[in-house]
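The values are calculated or read from the model by the stated rules, or taken from the named source; none is laboratory data. Remember, it's a predicted structure, so these values are computed and weren't measured experimentally. Here the Cβ is made from the backbone with ideal geometry for all residues, glycine too, and neighbour counts use every protein chain on show. The protein model used for the area step is the full one, side chains on, heavy atoms only, and it has no ligands, DNA or RNA in it. Shrake-Rupley method; radii C 1.70, N 1.55, O 1.52, S 1.80 Å.
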Number of protein chains: 2
Amino acid sequence: MLMKTLYVSFSLFLLISLTGCHTQNLVRDPNIKAKPVYAIVLHGGAGHIKDLPPKVEQAYKAKINEALEAGYKVLAHGGSALKAVRKTINILEDSPLFNAGKGCVLNSLGKPELDASIMDGQTLNCGAVASVSHIKNPIDAAILVKDSTRHVLLAGKGAELFCKEKGMDLIPASYFITPRRLKQLKNIQAQEAKHETAFLQPALGDIKKYGTVGCVALDQQGNIAAGTSTGGLMNKEYGRIGDSPIIGAGTYADNESCGISCTGIGEYFIRTVAAHSVSDIMKYQHLPLYRAQQKVMFKIQDLGGRGGMIGLDKKGNIAWFFNTTGMFRAFKKSNGEKQIKLYALAKK
Amino acid sequence: MLMKTLYVSFSLFLLISLTGCHTQNLVRDPNIKAKPVYAIVLHGGAGHIKDLPPKVEQAYKAKINEALEAGYKVLAHGGSALKAVRKTINILEDSPLFNAGKGCVLNSLGKPELDASIMDGQTLNCGAVASVSHIKNPIDAAILVKDSTRHVLLAGKGAELFCKEKGMDLIPASYFITPRRLKQLKNIQAQEAKHETAFLQPALGDIKKYGTVGCVALDQQGNIAAGTSTGGLMNKEYGRIGDSPIIGAGTYADNESCGISCTGIGEYFIRTVAAHSVSDIMKYQHLPLYRAQQKVMFKIQDLGGRGGMIGLDKKGNIAWFFNTTGMFRAFKKSNGEKQIKLYALAKK
């Protein structure tokens with residue numbers, strides 16, 4: 001009896017496989033177009049984000065909303081994902097609330113050193129700058145490198161010289177420095193002085209915020225773009241470059257899979273080539289975005305890393321993961337869905 | 001009749017699957033150990049390498065052999081893959097024949113700017129330096145960053161300051177500059193002056209050599225390490241960082257898959273996250289090393305990129321690919337196999 005059942009099942013399976021009857025009778029009217037799907041997702045950094053005073057919370061939410069809506073508007077008007085990413089990141093860079101552009105953290109010498117990168121998922125073209133101290137919006141410099149050079153990554157004074165030659169204004173480093181960051185640096189340096197081995201430690205855990213900003217967008221043409229901008233780690237050694245300007249680590253976009261922007265202790269995202277790993281897992285293991293992100297974040301966690309990532313795929317599906325107490329994050333889709341969140345768990 | 005056959009095959013298949021009879025009676029004597037497999041592979045850059053004068057050819061072959069044997073000796077004595085990679089790259093850096101260390105190419109201002117990276121496939125620990133001008137062996141600086149900081153990538157003066165603090169001697173930039181490279185720079189700048197758009201071009205084709213050096217080793221403990229060291233592209237813009245110091249792009253090592261070092265127009269290797277892609281394709285598509293390398297090199301070629309890569313997997317299998325007229329390359333395995341090659345096709 002069992003054998004007979006098996007035999008029947010097997011024959012049925014063969015029949016279905018050979019005729020492909022699943023799709024035989026489906027007809028789709030080509031004149032009825034699906035509503036264009038576009039979407040945008042952003043982060044303002046992961047880290048020790050917990051129980052912020054209501055006023056501070058409101059300030060973050062308002063600025064995140066402003067940046068999200070500005071990028072979304074670009075997409076709604078048919079603008080490119082690249083333009084939307086730039087617009088959103090510019091607003092976050094200009095706000096002293098985030099560790100990017102104005103108000104970025106300071107290196108061990110008390111100097112700002114900013115990194116940024118951008119990638120076009122349609123062409124795989126990309127641009128990045130690292131360790132710049134005189135460019136108001138590092139993401140704009142990254143776009144300039146992408147569009148006007150044969151290079152991907154320019155660093156330090158060379159990058160600034162190039163931007164100046166291309167007509168960008170250089171600004172004094174003092175523009176970026178805020179009293180809040182100076183105070184934070186002092187506190188951290190005092191704490192590190194107590195631990196002589198701090199230099200060898202992967203990080204000082206939760207006392208630091210990793211307030212990088214990033215944005216990923218999918219436009220009406222189906223193109224994905226991703227960008228990241230940061231001041232790096234507070235009290236970093238002079239010349240340290242994190243994952244944010246590294247294509248593959250902090251930023252990656254490929255129309256075939258997804259766009260990703262990361263935040264956290266960049267070294268772990270470099271070692272795991274985090275953003276590119278998500279893309280590869282989607283491509284080669286055929287896993288959905290959130291599963292791919294989860295796998296990579298588990299790997300980072302196993303190595304001792306902390307941080308998070310946001311991303312979207314070519315269908316506009318959005319996912320984010322982080323292993324800190326919070327991550328400033330938000331998304332908006334053309335179907336009306338919208339979220340702005342700060343903490344790991346819902347408050348109340 | 002057909003149905004009966006199908007039914008029998010299916011039952012047989014079920015039986016085999018359920019009993020796992022393949023391995024049931026196999027016994028392996030734990031006292032008989034397989035000969036330890038170790039191997040080393042190196043490159044001295046890909047590019048326009050064709051019909052070199054016999055004396056030059058001999059000089060390259062002799063230096064490549066010296067570097068290969070030095071690294072191999074480390075492995076044969078039970079030393080780590082990391083030590084072998086360092087030893088081999090040091091010899092190539094110290095030779096003015098290659099575009100790494102002494103005799104490296106010069107940037108558009110006539111200044112040397114060197115990059116290097118190293119990765120340990122066992123721990124995924126890595127270190128890198130970019131745009132340094134006063135460190136004799138950049139791969140040593142990369143190892144110092146890996147071993148003595150919480151960072152992966154230090155750049156420019158900050159990297160040099162760090163090395164100095166850790167006891168490394170800084171040397172004058174003039175050490176790196178050779179008459180041959182000064183002449184090459186002059187020629188290229190004269191050619192670029194004729195093409196106003198050169199700045200926007202991906203590269204000037206075959207008139208440039210991409211003489212980066214790299215090495216991948218597998219030691220008797222089964223650990224893989226990979227390293228790359230370079231002077232970058234001749235006449236590059238001040239501050240340009242290529243793929244060599246970028247973990248994932250120019251260098252990657254993971255005991256679970258392979259170790260890779262790349263050479264060529266670095267921007268294409270960054271955009272495709274080349275070294276990491278090979279590893280991911282092996283892991284997730286279960287392709288052998290050479291097939292994974294081939295896929296990535298085809299992608300680079302499709303984008304217009306030129307260069308090559310070397311690599312080995314955890315079993316000591318070795319593979320290399322390039323799309324230029326030649327690539328300085330060599331390998332040696334513990335089973336006695338050894339090759340030293342310069343051109344795409346065998347001469348004679």
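How big is region B:249-291 in terms of Cα radius of gyration and Dmax, in angstroms?
Over region B:249-291's Cα set, Rg and Dmax evaluate to 10.0, 28 Å.
With unit charges on the beta carbon (Lys/Arg positive, Asp/Glu negative), name the residue among A:Phe322, A:Ala292, A:Leu345 whose Cα is farthest towards the positive pole of the charge dipole of region A:280-348.
My answer, from the dipole projection, is A:Leu345.
Please list 3J(HN,Hα) in residue order for region B:184-193, calculated via the Karplus relation 6.51 cos²θ - 1.76 cosθ + 1.60 where θ = phi - 60°; whole Hz, with x for glycine and proline.
Karplus-based 3J(HN,Hα) across region B:184-193 equals 4, 4, 4, 4, 5, 5, 5, 5, 5, 4 Hz.
Buried by at least 20 Å² relative to the chain on its own: which residues of region B:228-256 qualify, computing accessible area with a 1.4 Å probe on protein heavy atoms?
B:Glu237, B:Tyr238, B:Gly239, B:Arg240, B:Ile241, B:Ile246, B:Ile247, B:Tyr252
Leaving ligands, DNA and RNA out of it, work out the accessible area of A:Asp120 with a 1.4 Å probe and give it in Å² to the nearest 10.
Its accessible surface works out to 20 Å², give or take rounding.
What list of ³J(HN,Hα) couplings, whole Hz, do you get for region B:314-320 from phi and the Karplus terms 6.51, -1.76, 1.60, once you set θ to phi - 60° and write x for glycine and proline?
Once θ is set to phi - 60°, the couplings for region B:314-320 become 5, 9, x, 5, 10, 8, 8 Hz.
What pairs in A:Lys83/A:Lys236; B:Lys63/B:Lys102; B:Lys111/B:Lys157; B:Lys102/B:Lys236 have C-alpha atoms more than 20 Å from each other?
Checking Cα-Cα distances, A:Lys83/A:Lys236 exceed 20 Å.
In terms of Cα to Cα distance under 22 Å, which lysines are near enough to A:Lys295, apart from those fewer than 8 places away along the same chain?
A:Lys283, A:Lys314, A:Lys315, B:Lys283
Quick one: if you take sqrt(5λ) for each eigenvalue of the C-alpha gyration tensor of region B:229-348, what semi-axes come out, biggest first, whole angstrom?
Gyration-tensor ellipsoid for region B:229-348: 22, 18, 13 Å.
Within region B:63-195, what whole-number % of the accessible surface is contributed by carbon and sulfur, with the 1.4 Å probe and all protein chains included in the calculation?
About 54 percent, which is the carbon plus sulfur part of the accessible surface.
Looking only at Cα atoms, what is the convex hull volume of region A:113-174 per residue, in Å³?
Output value, Cα hull per residue: 65 Å³.
Tell me, what ³J(HN,Hα) does each residue in region A:231-246 have, in order and in whole Hz, if you take phi through Karplus 6.51 cos²θ - 1.76 cosθ + 1.60 with θ = phi - 60° and put x for Gly and Pro?
Karplus values, whole Hz, x for Gly and Pro: x, x, 8, 4, 6, 5, 5, 3, x, 5, 10, x, 7, 4, x, 9.
For B:Gln189, go 7 angstrom from Cα along the Cα-to-Cβ vector, then report the distances to that same point in the other copies in nm, smallest first.
Once sorted, the set of distances for B:Gln189 reads 4.0 nm.
Do any residues of region B:264-285 show a loss of at least 50 square angstrom of accessible area between the isolated chain and the full protein assembly, using a 1.4 Å probe, and if so which?
In region B:264-285, residues shielded by partner chains: B:Glu267, B:Ile270, B:Arg271, B:Val273, B:His276, B:Tyr284.
Quick one: with label points 7 Å out along Cα→Cβ, list the inter-copy distances for B:Pro53 in nm, shortest first?
Those separations, rounded to one decimal, come out as 7.6 nm.
May I ask you to rank A:Tyr72, A:Tyr175 by accessible area, largest first, using a 1.4 Å probe over the protein chains only?
Result, largest first: A:Tyr175, A:Tyr72.
What nm distances, shortest first, do you get from the label point of B:Arg291 to those in the other copies when the point sits 7 angstrom along Cα to Cβ?
2.2
Output the residues of region A:128-166 meeting this criterion: accessible area (heavy atoms, 1.4 Å probe) in the chain alone minus accessible area with all protein chains in place is 50 Å² or greater.
A:Arg150, A:His151, A:Val152, A:Leu153
Show A:Lys164, A:Lys299, B:Lys283, B:Lys236 ordered by accessible area, largest first, where the area counts protein heavy atoms only and the probe is 1.4 Å.
In descending accessible area the options line up as A:Lys164, A:Lys299, B:Lys283, B:Lys236.
For region B:66-225, divide the Cα radius of gyration by the Kirkwood radius and give the resulting Rg/Rh value with two decimals.
1.02
Sorted by accessible area (1.4 Å probe), largest first, how do B:Ser277, B:Ser80 line up?
B:Ser80, B:Ser277
Could you tell me the total accessible area buried at the B-A interface, probe 1.4 Å, in square angstrom to the nearest hundred?
Interface area, both chains combined: 4900 Å², rounded to the nearest 100.
Taking the Cα centre of region B:58-186 as the origin and placing charges on Cβ (Lys, Arg +1; Asp, Glu -1), which of B:Cys126, B:Ala100, B:His151 is farthest toward the positive end of the dipole?
Sorting the options by dipole projection puts first B:Ala100.
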